[in-house]
Amino acid sequence: LCFPPPPTVTSPCKILKCNSEFWAATSGSHHLGTEEAPEFCTALRAYAHCTRRTARTCRGDLAYHSAVHGIDDLMVQHNCSKDGPTSQPRLRTLPPGDSQERSDSPEICHYEKSFHKHSAAPNYTHCGLFGDPHLRTFTDTFQTCKVQGAWPLIDNNYLNVQVTNTPVLPGSTATATSKLTIIFKSFQECVDQKVYQAEMDELPAAFADGSKNGGDKHGANSLKITEKVSGQHIEIQAKYIGTTIVVRQVGRYLTFAVRMPEEVVNAVEDRDSQGLYLCLRGCPLNQQIDFQTIRSAQATEGRARRKGPSLPAPPEAFTYETAMAKCREKLPVEDLYFQSCVFDLLTTGDVNFMLAAYYAFEDVKMLHSNKDKLHLYERTRDLAPGNTAPSGSPPTLWVALLCLSQCWLCLL
């Protein structure tokens, strides 16, 4: 009772504020004459000053590092001096006919019309991350991971995706995604570089600069954000790379799902570093959780405790049976999504994790190109706890082998 409650997890990094201020000050500047160059440089220096103020709290943030590199490039392009006035940028309203209302994109900005013009139809793949956290890779491998802190999900020639996972309960190894950063890299005449960032209790329906499409290039509308459910569900269509991304907030935490062509997945300059990207190679071995072993312990103990009796009890204690019953309400097929649901209810006691598993599977149904691979099942383990042989009795296979050996001895 003498200890204060744990602080709410919030991000002290203010790069989104810096991005928004700069965009608001310079939107429309590209239409202006050279006489506006000093004003642009002033806004750019203010932008740089803002990023320096938040540098200490933004280490490891992809959006921050992207902004810093972008500022340096713009300084060179516009011959801006790093020394000079840094007055606060004045807000501007978007001019009529802004790129937010551009017409359809040119052919080069439509993946199915350009990327594979001289090859077979593209093979689309899916990756998803949800819950505590559970990962389905582009190769349909399913893993349960620890991965606390910031981890890269995707990093190829066209976009970067990074997630940050934080503990669900104080002192527990149960983690969930509290922050997501997506960087769409500038691509030919299609789109400018765009950053999307979501955090707990903040699921924007726009990019970090306030726009909802790919910027001021001809193919701006080949990258679009659509809000499906306010504050709960957004969808990003990147037609120029044939990619669809779904981000949800379920309870306090985020889920991620993507549909992407194999050609784009494998478009990387340094193939040796691909092992770092979770969607491609999965979690490192030392970050993977033995799903079945822990589930067996949960079924035996009847409540979620990963580190022994010293852990605080979850808000609502589920037994293995009640967790199974709860998950069946939304997930009638006992596949790995169902088992993930049971696992998360036992480790967190939060019923929102049931919904996270349910929506993750709904996203698979929408995004996966092979409808025969929607459900995933354990392939190398015995039946789930409760369906195994009673403790102390030998497995059926060993009983059969023992009988056969006895019969062989009798014949001899």
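State whether one or more residues within the stretch 185-202 are without any contact (Cβ under 8 Å) to a residue 24 or more places away in the chain and either of a type in the set (S, T, N, Q) or open to solvent by less than 20 Å² (accessible area, probe 1.4 Å) (or both). Steps first, answer last, please.
Of the residues in the stretch 185-202, the ones without any contact (Cβ under 8 Å) to a residue 24 or more places away in the chain are 186, 202.
Cutting the leftovers down to either of a type in the set (S, T, N, Q) or open to solvent by less than 20 Å² (accessible area, probe 1.4 Å) (or both) gives us 186.
Checking the stretch 185-202: at least one residue is without any contact (Cβ under 8 Å) to a residue 24 or more places away in the chain and either of a type in the set (S, T, N, Q) or open to solvent by less than 20 Å² (accessible area, probe 1.4 Å) (or both).
Could you check how many residues of the stretch 192-228 are among the acidic types (Asp, Glu) and part of a loop (DSSP other than H, G, I, E, B)? Write out each step before concluding.
Within the stretch 192-228, the subset among the acidic types (Asp, Glu) is 192, 199, 201-202, 209, 216, 227.
Filter again for part of a loop (DSSP other than H, G, I, E, B), leaving 192, 201, 209, 216.
Number satisfying all stated conditions: 4.
When GLY231 is tested against (1) part of a loop (DSSP other than H, G, I, E, B); (2) at pLDDT below 90; (3) open to solvent by less than 50 Å² (accessible area, probe 1.4 Å), only condition (2) is not met.
Among residues of the stretch 170-182 that are more than 19 Å from ILE289 (Cα to Cα), those with a Cβ under 8 angstrom from a residue that is of a type in the set (Asp, Glu) and assigned to a loop (DSSP other than H, G, I, E, B), sequence gap 6+ or separate chain, pair up as THR181/ASP61.
Yes/no matrix, rows are residues, columns are (1) part of a helix (DSSP H, G or I); (2) open to solvent by 30 Å² or more (accessible area, probe 1.4 Å); (3) more than 21 Å from PRO204 (Cα to Cα); (4) at pLDDT 80 or above:
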site	(1), (2), (3), (4)
PHE3	no, yes, yes, no
THR10	no, yes, no, no
HIS30	yes, yes, yes, no
GLU35	yes, yes, yes, no
ARG45	yes, no, yes, yes
ARG52	yes, yes, yes, yes
LEU74	yes, yes, yes, yes
CYS80	no, no, yes, yes
GLY84	no, yes, yes, no
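For the stretch 155-180, what are the residues that are of a type in the set (Val, Ile, Thr) and open to solvent by 10 Å² or more (accessible area, probe 1.4 Å)? Hits for the stretch 155-180 are THR164, THR166, VAL168, THR173.
It is to be established whether one or more residues within the stretch 102-109 are in contact with a helix residue (DSSP H, G or I) (Cβ under 9 Å, 6 or more places away or on another chain), outside any helix (DSSP H, G or I), modelled with pLDDT under 65 and of a type in the set (Lys, Arg).
Checked against the condition, which is being in contact with a helix residue (DSSP H, G or I) (Cβ under 9 Å, 6 or more places away or on another chain), outside any helix (DSSP H, G or I), modelled with pLDDT under 65 and of a type in the set (Lys, Arg), the stretch 102-109 yields at least one hit.
Scan the stretch 234-249 for residues that are surrounded by 22 or more Cβ atoms within 10 Å (Cβ to Cβ) and under 20 Å from LEU355 (Cβ atoms) and jot them down. Of everything in the stretch 234-249, those that are surrounded by 22 or more Cβ atoms within 10 Å (Cβ to Cβ) and under 20 Å from LEU355 (Cβ atoms) turn out to be ILE234, ILE245, VAL247, ARG248, GLN249.
If you go through the stretch 16-25 and keep only what is modelled with pLDDT under 80 and open to solvent by less than 20 Å² (accessible area, probe 1.4 Å), you end up with ASN19, ALA24, ALA25.
Which fully enclosed helices (runs of 4 or more DSSP H) of the stretch 269-338 have 1 or more residues being surrounded by 15 or more Cβ atoms within 10 Å (Cβ to Cβ), touching a helix residue (DSSP H, G or I) at 6+ places or on another chain (Cβ under 9 Å) and at pLDDT below 55?
Working: elements: 278-281, 291-301, 320-328.
Answer list for the stretch 269-338: 291-301.
The values are calculated or read from the model by the stated rules, or taken from the named source; none is laboratory data. The structure displayed is predicted, hence computed values, not measured ones. Neighbour counts run over all protein chains shown; Cβ positions are idealised from the backbone, glycine included. Just the protein is used for accessible areas: all its heavy atoms, side chains included, with ligands, DNA and RNA removed. Shrake-Rupley method; radii C 1.70, N 1.55, O 1.52, S 1.80 Å.
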